[in-house]
Amino acid sequence: MQSITRAMTVAKVLASHTNEKGVSISVLSKQCELPLSTMHRLLQAMIKQGMVEQDEHSKLYRLGIVWLEYGLKVYDTIDYVSKIRPELEKLSKELEESVYLSKPVGTEAMIVERIDSENNSIRIYDQLGLRIPMHIGAANKSMLAAMPSTQSESILSELVLADKIPDFLQTLNQITKQGYAISHSERTEGTSSVAVSIKDSLGQIIGAVSVGVVSFNLTEERLAFLISKVMETGNNISTKLRSNH
């Protein structure tokens, strides 16, 4: 079990450096708090499994292709390619904005897809794989609002101060009534987001569709249009997922 924990720690550190050409063994050793000799053995074992790659020239390490392979298989389990992605692409094209798909992971949500609009030079850019605490942002609140109350309250108890929970639950109740969530400048100043949750055929929350926009040119008419289109997309996806069974 210790080796699995160590391997996952290495993977997380490498994942946090994906914008770079790689990470040296000395940096990995320091950030993972492991001796160089232990780190070297661990990296060699991970390379054999395709979990890590080493550049022949720079000797730097990066994540291996096996993570992409497994990730694509996960996409298939949520009917991603055939049922969800086409709807995201259609929404991005209609709105000319960046569209996201988030997936709940415990007390966080992970961004698992982003479709950018080629016609919009001003983009809200959140990285794939980014994890965001479940109490922050429209997408996450839309998922919390759609969960059974025992589940959402359990998540909130780990993220929000006890005296703030009643107000938060009121917000979730409002989201449930209106069928969508909105956030303004919650994570990034000057941006707004509209989101709806999506469920599978068993009624389980599998994610949220959201659109991120720059706030300075957001009129009430534009916001109403975004809300209607995001809700339409959420309904289309849920209908497609239900029709699979």
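The values are calculated or read from the model by the stated rules, or taken from the named source; none is laboratory data. Computed from a predicted structure; not experimentally measured. In this analysis, Cβ positions are derived from the backbone assuming ideal geometry, glycine residues included, and neighbour counts consider all displayed protein chains. The area values use the complete protein model at the heavy-atom level, side chains included, leaving out ligands, DNA and RNA. Shrake-Rupley method; radii C 1.70, N 1.55, O 1.52, S 1.80 Å.
Annotations
- Residues located in segment 31-59, provided they are open to solvent by 40 Å² or more (accessible area, probe 1.4 Å), out of contact with any strand residue (DSSP E or B) (no Cβ under 9 Å at 6 or more places or on another chain) and under 11 Å from Val10 (Cα atoms): Glu33
- Residue in segment 184-209 that is nearest to the chain's Cα centre (by Cα), counting only those that are open to solvent by less than 10 Å² (accessible area, probe 1.4 Å) and more than 13 Å from Ser238 (Cβ to Cβ): Ala195
- Annotation: of all residues in segment 6-19 being over 11 Å from Leu34 (Cβ atoms) and not hydrophobic (A, V, I, L, M, F, W, C), the one that is modelled with the lowest pLDDT is Asn19.
- Any chance Leu172 is out of contact with any helix residue (DSSP H, G or I) (no Cβ under 9 Å at 6 or more places or on another chain), aliphatic (A, V, I, L, M), without any contact (Cβ under 8 Å) to a residue 60 or more places away in the chain and surrounded by 14 or more Cβ atoms within 10 Å (Cβ to Cβ): no
- Number of residues in segment 3-26 that are of a type in the set (Lys, Arg) and either in a helix (DSSP H, G or I) or touching a residue at least 60 places away in the same chain (Cβ under 8 Å) (or both): the value is 2.
- Here segment 210-245 is the region considered, the condition is being assigned to a helix (DSSP H, G or I) and of a type in the set (Gly, Ala, Ser), and the residue that is surrounded by the fewest Cβ atoms within 10 Å (Cβ to Cβ) is Ala224.
- Considering segment 102-127, and only residues there that are modelled with pLDDT of 70 or more and polar (S, T, N, Q), the residue that is nearest to Ser215 (Cα to Cα) turns out to be Ser117.
- Residues that are open to solvent by 50 Å² or more (accessible area, probe 1.4 Å) and either in contact (Cβ under 8 Å) with a residue 40 or more places away in the chain or of a type in the set (Gly, Ala, Ser) (or both), drawn from segment 81-111: Ser82, Lys90, Glu94, Lys103, Gly106
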